[in-house]
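Read through the structure below, which is laid out as structure tokens, and then see the notes.
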Amino acid sequence: GGKVVGLQGTDFHRESCHQGCVNFKSNHGFEPKFFQFFGKAFRFGFLPYDDNGVYWFLLTSSEAIRSYSYFADEEREDDPIKMKQFVLSKLGNEYVPDEIKAVVENTELDSIISSPLRYRHPWELLWGNINKDNVCVAGDALHPMTPDIGQGGCAALEDGVVLARCLAGALLKKQSEETRGECDREREEYKRIEMGLKKYAKERRWRSIELINTSYFVGFLQQGNGQVTSFLRDNVLPTFLAGLPLKRADFDCGKLSIS
């Protein structure tokens, strides 16, 4: 997506994500809160989305997945049976309550997926193009990031609002009196779109860089397995790490209307 405006391709992150959804036949009994557990080189979390449904994920290094005996060959990495066994094996090595393991155990195989994480280096957005002529990038083509602050989809919605506002502002301007003929009108409209996309790129560049940096930083600290990183995460920075995603989410991209 980004190559159309000259951006480099995205890079694979060091982590992969297993995720799934389960619908219990009766009330699961969990509070409407986000739960997260830290294990040795992995994170497991889940979030109830109604009285019966729960979304869960497990983040771990891609290297750990490849070294796992069930994934000895690449063709098995997308096998939901193997993915489920892998997640349960990680939870089984840590003290995780049985009711939490039951979330994964009760997940249907067709509700489990796995994917490597991708992200864009922030300096590519600092020096690269977000728009070119009458084309621009938005969403994951602009700011692919790790899921550590939960802002990927939100940022894409922000892109849409800003893009619509910038294009509307450019196209609704009164045409020049010097414009004559169909070709002149099309040429002027093209230039207006180009200027609107330049304005969009200016508004979204630093916001995108900020989100990519924050997501990577939070993920690095939360996934870190070293003694120093673990100590900082568990004893010094828990309040900071909990508040930072909320701070990044508290962003006003402006109204859709240009009036």
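Brief remarks on what is shown
- D133 vs. criteria on the phi > 0 side of the Ramachandran plot and at pLDDT 85 or above: yes
- Check on F37, closer than 14 Å to V104 by Cβ, modelled with pLDDT of 90 or more and either open to solvent by less than 60 Å² (accessible area, probe 1.4 Å) or of a type in the set (K, R) (or both): no
- Residue that is nearest to W206 (Cα to Cα) [pool: residues in the stretch 166-184 that are open to solvent by 40 Å² or more (accessible area, probe 1.4 Å) and either modelled with pLDDT of 80 or more or acidic (D, E) (or both)]: L167
- Answer residue from the stretch 130-170, given it is assigned to a helix (DSSP H, G or I) and β-branched (V, I, T) and is nearest to the chain's Cα centre (by Cα) among those: I149
- Residue satisfying all of: in the stretch 1-11; open to solvent by 20 Å² or more (accessible area, probe 1.4 Å) and either assigned to a strand (DSSP E or B) or in contact (Cβ under 8 Å) with a residue 40 or more places away in the chain (or both); nearest to G139 (Cα to Cα) among these: G1
- Taken as a whole, the structure leaves G20 outside the set of residues that are closer than 30 Å to N235 by Cβ and either modelled with pLDDT under 90 or crowded, with 17+ Cβ neighbours inside 10 Å (or both).
- Residue match in the stretch 91-101 (condition: among the hydrophobic types (A, V, I, L, M, F, W, C) and open to solvent by 20 Å² or more (accessible area, probe 1.4 Å)): no
- Filtering the stretch 214-222 for residues that are within 30 Å of G169 (Cα to Cα), of a type outside the set (A, V, I, L, M, F, W, C), open to solvent by less than 10 Å² (accessible area, probe 1.4 Å) and in contact with a helix residue (DSSP H, G or I) (Cβ under 9 Å, 6 or more places away or on another chain) leaves an empty set.
- Matching residues in the stretch 211-259 - criterion: being in a helix (DSSP H, G or I) and aliphatic (A, V, I, L, M): L211, I212, V218, L221, V228, L232, V236, L241, A242, L244, L246, A249
- Some residue of the stretch 136-146 being at pLDDT 90 or above, over 23 Å from S115 (Cβ atoms), open to solvent by less than 50 Å² (accessible area, probe 1.4 Å) and touching a helix residue (DSSP H, G or I) at 6+ places or on another chain (Cβ under 8 Å): yes
- Residues that are more than 16 Å from F57 (Cβ to Cβ) and either without any contact (Cβ under 8 Å) to a residue 12 or more places away in the chain or open to solvent by less than 100 Å² (accessible area, probe 1.4 Å) (or both) within the stretch 103-113 comprise just one, L109.
- Subset of the stretch 76-129 [touching a His at 6+ places or on another chain (Cβ under 7 Å) and polar (S, T, N, Q)]: S114
- Among residues of the stretch 150-174 that are at positive phi, those with a Cβ under 7 angstrom from a residue that is surrounded by 15 or more Cβ atoms within 10 Å (Cβ to Cβ) and assigned to a helix (DSSP H, G or I), sequence gap 6+ or separate chain, pair up as G150/P245.
- Annotation: of all residues in the stretch 40-53 being within 24 Å of the chain's Cα centre (by Cα) and farther than 30 Å from T229 by Cβ, the one that is least open to solvent (accessible area, probe 1.4 Å) is G53.
The values are calculated or read from the model by the stated rules, or taken from the named source; none is laboratory data. None of these values were measured; they are calculated from a predicted model. A quick note on method: Cβ atoms are made from the backbone with ideal geometry, for glycine too, and the neighbour counts reach across all protein chains shown. Accessible surface is based on the protein model in full, side chains and every heavy atom, while ligands, DNA and RNA are left aside. Shrake-Rupley method; radii C 1.70, N 1.55, O 1.52, S 1.80 Å.
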